[in-house]
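Chemist: First, the structure itself, so that you have it in front of you.
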C-alpha cells in the first residue's frame with residue numbers, strides 16, 4: 001500500500017473571530033455569521049496550494065453550553081456553506097476542554113487547547129503536511145502562541161488593535177485590522193512561509 005501523498009502546506013484558521021463573528025460560545029447555525037471577506041481569503045490561499053484546516057478552542061462544549069453533537073451539526077452546516085462557495089472540504093480540529101471552567105472529563109489541562117500546539121501538530125500528522133511551510137490566521141494571542149510553538153514560519157494576527165502578547169519575540173507575525181484586510185497581505189505571508197520551508 002502506497003504512502004499518502006504529502007500536502008506540504010496548511011492554512012490553519014481559528015474559527016470564532018476569523019471565520020465567523022465571535023458573539024460568545026457559538027454552537028448553532030442560528031448564531032453563526034460568516035465574516036465578510038473570509039471566503040476570498042481562503043480561496044486565495046487554496047489557489048496558492050494551501051490546504052485549509054480549522055483549529056478552534058471550543059470550551060463551550062466542556063462548559064455544557066452545547067454538546068459535541070451540536071458542534072458536529074454546526075460543522076456540517078458550515079462545510080455546506082464552504083462547498084457552496086466552491087471551497088474544498090475543510091477539516092476541523094477542536095478542543096472541548098478547559099482547565100478550570102468545565103464539567104467532568106472536559107475539565108483538564110490538555111495539550112490541544114491553544115496556546116498549546118496540539119491541534120496543529122495533530123493536523124500536520126494526520127494530513128502528512130509540513131509545518132515549516134504552513135501558516136496561521138488567528139484573532140487571539142493564543143492562536144499566535146500556538147503557531148509559534150508549532151514552528152510556523154508565518155502568521156497573521158487579525159484584530160482591530162495589535163497585541164504585544166501576540167507578537168512579543170515572534171518574527172513574521174503580520175497584523176490585519178480585519179479579515180478583509182488580510183487579502184493585500186497574502187503575497188507577503190506566502191513569501192514568508194516559503195522562506196521558512198527553505199530554512
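The values are calculated or read from the model by the stated rules, or taken from the named source; none is laboratory data. Worth saying up front: this structure is predicted, and the values here are computed from it rather than measured. Using ideal geometry, Cβ is built from the backbone for each residue, glycine included, and neighbour counts are taken over all protein chains shown.
Chemist: Report, by residue number, each residue of the stretch 116-143 that is under 21 Å from residue 20 (Cα atoms), modelled with pLDDT of 95 or more and in contact with a helix residue (DSSP H, G or I) (Cβ under 7 Å, 6 or more places away or on another chain).
Modeler: Hits for the stretch 116-143 are 120, 135, 136, 137, 138.
Chemist: Please determine, by comparing only the residues of the stretch 30-57 that are out of contact with any strand residue (DSSP E or B) (no Cβ under 8 Å at 6 or more places or on another chain), surrounded by fewer than 17 Cβ atoms within 10 Å (Cβ to Cβ) and without any contact (Cβ under 8 Å) to a residue 60 or more places away in the chain, which one is farthest from residue 157 (Cα to Cα).
Modeler: Per the stated criteria, the residue is 30.
Chemist: Could you check, for the stretch 158-169, whether at least one of its residues is buried (at least 19 other Cβ atoms within 10 Å of the Cβ) and at pLDDT 95 or above?
Modeler: The answer is yes, given that some residue of the stretch 158-169 is buried (at least 19 other Cβ atoms within 10 Å of the Cβ) and at pLDDT 95 or above.
Chemist: Please give the number of the condition residue 93 fails out of (1) crowded, with 17+ Cβ neighbours inside 10 Å; (2) within 19 Å of the chain's Cα centre (by Cα); (3) more than 15 Å from residue 16 (Cβ to Cβ).
Modeler: Evaluating residue 93 over (1) crowded, with 17+ Cβ neighbours inside 10 Å; (2) within 19 Å of the chain's Cα centre (by Cα); (3) more than 15 Å from residue 16 (Cβ to Cβ) leaves (3) as the failure.
Chemist: So the check is Cβ under 6 Å with 6+ separation or different chains; which pairs have a first residue in the stretch 90-113 that's more than 30 Å from residue 50 (Cβ to Cβ) and a second one that's modelled with pLDDT under 95 and in a loop (DSSP other than H, G, I, E, B)?
Modeler: 109/99
Chemist: Given the structure, is residue 18 within 18 Å of residue 178 (Cα to Cα), touching a strand residue (DSSP E or B) at 6+ places or on another chain (Cβ under 8 Å), at pLDDT 95 or above and in a loop (DSSP other than H, G, I, E, B)? Before the answer, list the steps.
Modeler: Details: within 18 Å of residue 178 (Cα to Cα): yes; touching a strand residue (DSSP E or B) at 6+ places or on another chain (Cβ under 8 Å): yes; at pLDDT 95 or above: yes; in a loop (DSSP other than H, G, I, E, B): yes.
Judged against the criteria, residue 18 is a match.
Chemist: Look at residue 152 and say whether it is over 25 Å from residue 61 (Cβ atoms), in contact with a strand residue (DSSP E or B) (Cβ under 9 Å, 6 or more places away or on another chain) and either at pLDDT below 95 or surrounded by 13 or more Cβ atoms within 10 Å (Cβ to Cβ) (or both).
Modeler: Numbers: over 25 Å from residue 61 (Cβ atoms): yes; in contact with a strand residue (DSSP E or B) (Cβ under 9 Å, 6 or more places away or on another chain): yes; either at pLDDT below 95 or surrounded by 13 or more Cβ atoms within 10 Å (Cβ to Cβ) (or both): yes.
For residue 152, the condition - over 25 Å from residue 61 (Cβ atoms), in contact with a strand residue (DSSP E or B) (Cβ under 9 Å, 6 or more places away or on another chain) and either at pLDDT below 95 or surrounded by 13 or more Cβ atoms within 10 Å (Cβ to Cβ) (or both) - is met.
Chemist: Follow-up. Could you go through the stretch 61-74 and let me know if any residue there is surrounded by 15 or more Cβ atoms within 10 Å (Cβ to Cβ) and closer than 21 Å to residue 145 by Cβ.
Modeler: For the stretch 61-74, residues surrounded by 15 or more Cβ atoms within 10 Å (Cβ to Cβ) and closer than 21 Å to residue 145 by Cβ: present.
Chemist: Based on this model, can you work out whether residue 27 counts as outside any helix (DSSP H, G or I) and without any contact (Cβ under 8 Å) to a residue 60 or more places away in the chain?
Modeler: It is true that residue 27 is outside any helix (DSSP H, G or I) and without any contact (Cβ under 8 Å) to a residue 60 or more places away in the chain.
Chemist: Related question: Residue by residue through the stretch 22-48, note down the ones that are farther than 13 Å from residue 78 by Cα and either in contact with a helix residue (DSSP H, G or I) (Cβ under 9 Å, 6 or more places away or on another chain) or modelled with pLDDT under 95 (or both).
Modeler: Applying the first criterion (farther than 13 Å from residue 78 by Cα) to the stretch 22-48 yields 22-25, 36-37, 40-48.
Correct list: 23, 24, 25, 36, 37, 40, 41, 42, 44, 45, 48.
Chemist: For the list (1) without any contact (Cβ under 8 Å) to a residue 40 or more places away in the chain; (2) more than 23 Å from residue 10 (Cβ to Cβ), I need the number of the one condition that residue 117 fails.
Modeler: In the conditions (1) without any contact (Cβ under 8 Å) to a residue 40 or more places away in the chain; (2) more than 23 Å from residue 10 (Cβ to Cβ), residue 117 misses (2) alone.
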